[in-house]
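First comes the structure, then the notes that go with it.
Read the figures in this text as sums done on the coordinates, not as results from a lab. Because the structure is a prediction, the values reported are computed rather than measured. Neighbour counts run over all protein chains shown; Cβ positions are idealised from the backbone, glycine included.
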Ligand code: HEC
Ligand code: HEC
């Protein structure tokens, strides 16, 4: 009996302590991650005037794009520009639940169309975000896991950006309702930084200064 108790004690000693330790470190890690996420989500955008002092045109263009990148890299945009078949959701971007896939036309599988759940506006009672023509960006326009330099090159490339000129690219960024949803996402989602108008102004100034891309 005593031996059994000792064995049990031994078992608990080895099995429980690492578990507790893992539990504590997980909590610590998650807290640290949450703190970092909170810090890395900027809420304001600088204006093109803030960059006017950069004399070198290329340097100015790069600085303007880095500022616009705060929007491009926000979860509000990234969730809908996935590399694989599934969009992601929320500020920490786990895969979309319920399980939905882009399907043949980026509007969902036949029985799980995006528009079945996503209306033309946010639906607060069910917490479902919405905007006109809600669907996932085509694979050619995937952004997740890519650097700002890689995204910059692909959004300028007509073969990958939906045959858009730079002027049309600006128009899309400044006026498209799916892009605009990023600043009015509803629920507890963090809006994209600044406003869509400020973002549009940065993109316009970036194009005017030569649309330079950071190294990939
Ligand atoms: C609900 C999904 C959704 C959200 C949210 C979304 N997009 Fe998109 N995005 C799309 C779809 C779909 C297309 C393709 C539409 C087309 O080509 O007309 C697209 C295309 C684009 C393009 C065209 C060029 C390219 O290569 O990607 C840009 C630029 C873009 N989105 C920017 C943004 C930005 C910036 C945000 C966040 C503020 C955003 N999107 C949020 C779905 C979304
Ligand atoms: C069966 C219902 C349903 C279908 C179909 C559906 N969704 Fe959703 N979607 C939801 C719900 C509910 C949420 C809110 C969940 C959350 O954010 O916690 C959501 C959230 C999202 C978000 C998260 C936005 C953000 O930034 O947090 C994106 C992006 C999205 N859906 C894209 C799509 C796309 C693209 C399709 C079609 C391929 C689609 N959904 C199909 C129910 C659905």
Problem - Mean Cα-pair separation over length for the range 43-208, i.e. relative contact order, pairs under 8 Å, 6 or more apart, % - result: 28 percent
Exercise for the section: Within the range 178-214, which residues have the backbone N less than 17 Å from the label spot 7 Å out from residue 54 along Cα→beta-carbon, could you tell me? Expected result: 199-214
Practice task
Considering the convex hull of the alpha carbon atoms of the range 43-208, report its projected area averaged over all viewing directions, in nm², one decimal.
Solution key: 9.5 nm²
Handout entry: Extension gain (nm, one decimal) between residue 215 and residue 83, 0.36 nm per residue minus Cα-Cα
Key = 45.5 nm
Fill in the blank from the handout: Here the gain from full extension of residue 128 to residue 141, 0.36 nm per residue of separation minus their alpha-carbon distance, amounts to 2.3 nm
Problem - Extension gain from residue 121 to residue 109, taking 0.36 nm per residue of separation minus the Cα-Cα distance - result: 2.2 nm
Handout entry: Least to most buried among 198, 67 (fewest other Cβ within 10 Å first)
Key = 198, 67
Practice task
Counting only C-alpha contacts under 8 Å and six or more residues apart, can you give the relative contact order of the range 133-216 as a whole percent?
Solution key: 31 percent
Practice task
Along Cα→Cβ, 7 Å out, is where each label goes; now give me the distance between the ones at residue 66 and residue 175 in nm to one decimal.
Solution key: 3.2 nm
Problem - Taking all pairs of distinct alpha-carbon atoms in the range 158-216, Kirkwood radius in angstrom - result: 12.7 Å
Practice task
Report, to two decimal places, the Cα Rg of the range 96-154 normalised by 2.2 N^0.38 Å (N = number of residues).
Solution key: 1.30
